Amino acid sequence: MKQLIRHVAVGMTVIVVLSAIPADSSTDCSTVTALVSSCSSFVKDGTPDPMPGSPCCMAMTTLNNVADSADNRRSVCRCLMDLITQNNPNATAIATLPGFCGVSLGFTIDPNTDCE
């Protein structure tokens, strides 16, 4: 029951985050940060590994959906690069999130990635 409540809460958070995204503009970094925060235990501690269907992976799938155009993909990329800079030495954890969740964002999450 607790797990169901947590999944519903994450789902509601995702809906709120998505409803705040303007349909015709680039993605705001607060959206990306909110989605990555669903994976905070992995980013901070390196465990547990995200599993498909987990709140973290649901957030990564949502992030992939947010990056639905070239402009949004560039915005998501820039936001993730900022998060990597802020969370170094946990940059590797952020970089591995999409792979654990079976999601491809269309770019490599790496400090040397040129988002343009």
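So here's what we get for this one:
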read-out: Of residues in the range 85-94 being closer than 17 Å to residue 34 by Cβ and surrounded by fewer than 17 Cβ atoms within 10 Å (Cβ to Cβ), the one modelled with the highest pLDDT; value: 86
read-out: Extreme residue, farthest from the chain's Cα centre (by Cα), among residues of the range 41-84 that are among the polar types (S, T, N, Q) and under 25 Å from residue 114 (Cα atoms); value: 69
read-out: Residues that are among the acidic types (Asp, Glu) and either within 16 Å of residue 103 (Cβ to Cβ) or out of contact with any Ser or Thr (no Cβ under 7 Å at 6 or more places or on another chain) (or both), drawn from the range 35-93; value: 45, 49, 68, 82
read-out: Some residue of the range 61-82 being more than 18 Å from residue 29 (Cβ to Cβ) and touching a residue at least 12 places away in the same chain (Cβ under 8 Å); value: yes
read-out: Identity of the residue in the range 33-57, hydrophobic (A, V, I, L, M, F, W, C) and in contact with a Pro (Cβ under 8 Å, 6 or more places away or on another chain), that ends up nearest to residue 105 (Cα to Cα); value: 57
read-out: Options 18, 4, 97; residue that is modelled with pLDDT under 95 and crowded, with 18+ Cβ neighbours inside 10 Å; value: 97
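Here's the yes/no breakdown for (1) surrounded by 15 or more Cβ atoms within 10 Å (Cβ to Cβ); (2) not in a helix (DSSP H, G or I):
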| site | (1), (2) |
| --- | --- |
| 74 | yes, no |
| 83 | yes, no |
| 105 | yes, yes |
| 108 | no, yes |
| 111 | no, yes |
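The values are calculated or read from the model by the stated rules, or taken from the named source; none is laboratory data. A quick note: this is a predicted structure, and the numbers were derived from the prediction, not measured. Because the Cβ atoms are built from the backbone with ideal geometry, glycine has one as well, and the counts that use them run over all protein chains shown.
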